[in-house]
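All of the numbers you see were taken from the coordinates with simple rules; none came from a lab. Predicted model only: the values in this text are computed from it and were never measured.
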Amino acid sequence: MCIMEVIRMISTQDIRDKEVINIYDGKSMGFVDDMEIDLQKGTVEGIVVPAERRMFSFFGREEDIVIRWKDVKRIGQDVVLVDVPAGNSLHAPVEMVYNNEEV
């Protein structure tokens with residue numbers, strides 16, 4: 001069986017400000033703010049979703065969430081569907097690094 005996939009070029013403007021929905025748990029992760037690009041390879045490494053701001057936080061906000069490009073499943077008209085099990089972002093949270101958990 002041969003399945004042909006149509007690859008369509010998109011710009012960063014096309015993906016920016018779309019809501020990111022995680023199909024792993026059905027939750028909204030926020031909105032796309034930026035993209036991580038490897039300039040050496042010329043490849044998209046992931047999309048960046050800003051971390052939630054905490055009320056009454058003196059130290060600002062947590063680190064942004066970087067979702068690996070391979071975890072992006074579909075880019076629709078209004079949303080980006082991703083499949084990200086807990087702790088599977090491109091950059092591991094500090095707690096995961098110190099607790100020796102796998103990413």
- Between the alpha carbon centres of the stretch 9-45 and the stretch 65-86 the gap in Å comes to 7 Å
- Whole-Hz Karplus ³J(HN,Hα) for the stretch 38-49, in order, using 6.51 cos²θ - 1.76 cosθ + 1.60 and θ = phi - 60°, x for Gly and Pro? 8, 5, 5, 8, x, 10, 7, 9, x, 10, 10, 10
- Enumerate the amide H contacts of residue 37 below 5 Å, restricted to partners 5 or more residues apart or on another chain; note that Pro and chain-start residues carry no placed amide H. 45
